[in-house]
Structures are given as structure tokens and as C-alpha cells.
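Worksheet: one structure, shown below.
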């Protein structure tokens, strides 16, 4: 989990730096404070990535255990939060192979080739014109969550990091150790996939 | 006017850039090109608006509260981490 960034990158000082320096200087008793700061965010990330609460809990626990193991390798070359998500994303990909809840087959994104997704419409649909707050309900949230879980992990990670966790393209690329261009391509494909699922939902409901 | 991105190469080319447009990651000239195009192409306008609404819906997701029982188990596990390789 050591960072692999260009040499001579200036050290980043953020709200976690002093706490991490203290833990790495021998104050392991402060580790629960790090857990307190990120437990909620990581659990939500886990629920967004995993199809069930048990896998999300495993992801959070395994991520914090990995942080405990590798925190001494943290070089302050990125925000701690971004490094934490890199550990979490890596843990997530390894864990999924072991999960008894993981579906044997995920949907292919081949149908998301632009030619297939760019079906002509002769008007802007109603669900786009309505106020956002009028659309939101539990059924829609579940439809969206189910659609996200149907994405292959590589695409799901990108859309969760970019559109749900709020990371920039550059940050997501560093977390996933892929290029910015790759993040953009995967994000566009993932959004098209989700859009098709939402269209299906709204075509039947509105 | 309606056009079909599956048969119009220019629509298809712009369609590929719609996410970057939504994310404000395009150069000004590319932004202007898309804006000029969707002003006269209902199909591409619908593509843009449905994609933009999809992103907006993703961003409305709320936190999942951490179960208290799990929180307790997590702290116990971290207080006595397993030994040996990961």
C-alpha cells in the first residue's frame, strides 16, 4: 500500500496529518480517533459498493485493518482521505472474489456502446423536466442502488467515487491507479448504463 | 428537428463528450460546439438532459448509518488485530 507518486511531490498537510504523525510516532492508542473520523464514510462507501450490509461491514473492517498495517508507509503525498479510499478500493476488489453474496454474473457494458445508447428521442422526457425533489422516493433509491450493484466493479468504483463520494477525476484516477482518460471513459459508460435503468423505471412509472 | 446519434456521426462524436460537458471538463470551444448543437437537435438535448438528471440523482444518495453492533465489533477487532500476513 506504499504510495507510488512522482518523486519530490510536496508533502500535503491536512486535518488528519497531525493525528497520523502521532499514531506513526507510537501513539497507537489514537487509532480509534481515525476510526471515528472515517467509519461513517467508509461504511456508506461499502454499502454503495457491496450488495449487502454484511459485505459492507467486512469491507470496513478489512480496510481499517489494512490501514493499521500500512499506515507507516503513508508518505503525506496525497490527502489521507484519498489514500484511505485507495486502500478501501483495493480491499473491495480483493474481497468481492471471496463474497458469498457476490453475483456469479454481472451485466455486460457491451450494450453501452455509444451507438446502442444514443437512441434518438423526439422530446425531452417528463422525468427530466420535473423538480428533482418530486422524483425522490425509496423505490427510486432502491432502483438506482440495484442498478449500481449491477455494474461491473471497475465501472461501479468509478461512478461511486465520482458521482456519490464527490472525488474529482484526478483524485479518482489516483485512488484507482488508472489514467484520467480511463476514469472519464468508465464514468461515461457507467452513467449511460444507469440512465438506461432509470429510463426503464420512469417509462413504467410516469 | 430531431436527429439520430446512431446514424449521424457528428451527434455520436458529441455524445461521447456529454459526461465531460456535464463535469465542466471540456475546453471552451468544445463546450460551445455542444451548446450550439443541442440548441438545434432535440435528440442530443434529450441525451444530455437525461444524463445530467442521472448524475443529479446519483448525487442525492444519503449516508447509510453505521449499525451500533458493528461499530462495537469493529473496535474490538482493531484493538486485537489478527497477526500474520494480510
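GNM, chain B, Cα, under 10 Å: largest mean-square fluctuation among B:38, B:66, B:55?
B:66
Round to the nearest 10 and give me the degree value, 0 to 90, for the angle of helix B:42-58's Cα axis relative to the longest principal axis of chain B.
Long axis of B:42-58 versus the principal axis of chain B: about 10 degrees.
Could you calculate the FRET efficiency of residue A:25 with residue B:27 from 1/(1 + (r/R0)^6), where r is the beta carbon distance between them and R0 is 45 Å, rounded to 0.05?
0.45
Say we join alpha carbon atoms closer than 10 Å with springs in a Gaussian network model of chain B; which of B:30, B:68, B:16 then has the biggest fluctuation?
Evaluated over chain B, the most mobile residue of the options is B:68.
For the range A:116-205, rounded, prolate or oblate, judged on the Cα gyration tensor with a ≥ b ≥ c (square roots of eigenvalues), a/c < 1.5 rounded, else prolate if a/b > b/c?
prolate
Tilt of helix B:68-79 relative to the longest C-alpha principal axis of chain B, in degrees (0 to 90, nearest 10)?
Roughly 70 degrees, rounded to the nearest 10.
At what distance in angstrom do the alpha carbon centres of the range A:25-83 and the range A:147-185 lie from each other?
Here the two parts' Cα centres lie 19 Å apart.
Take the Cα atoms of the range A:17-96, find their three principal axes, and give me the spread along each one in whole Å, biggest first.
Extents along the principal axes: 38, 22, 17 Å.
Throughout, read-outs are computed from the coordinates displayed, never taken from laboratory work. Being a predicted model, the structure only gives us computed values, none of them experimental. Cβ: placed from backbone, ideal geometry, glycine included. Neighbour counts: every protein chain shown.
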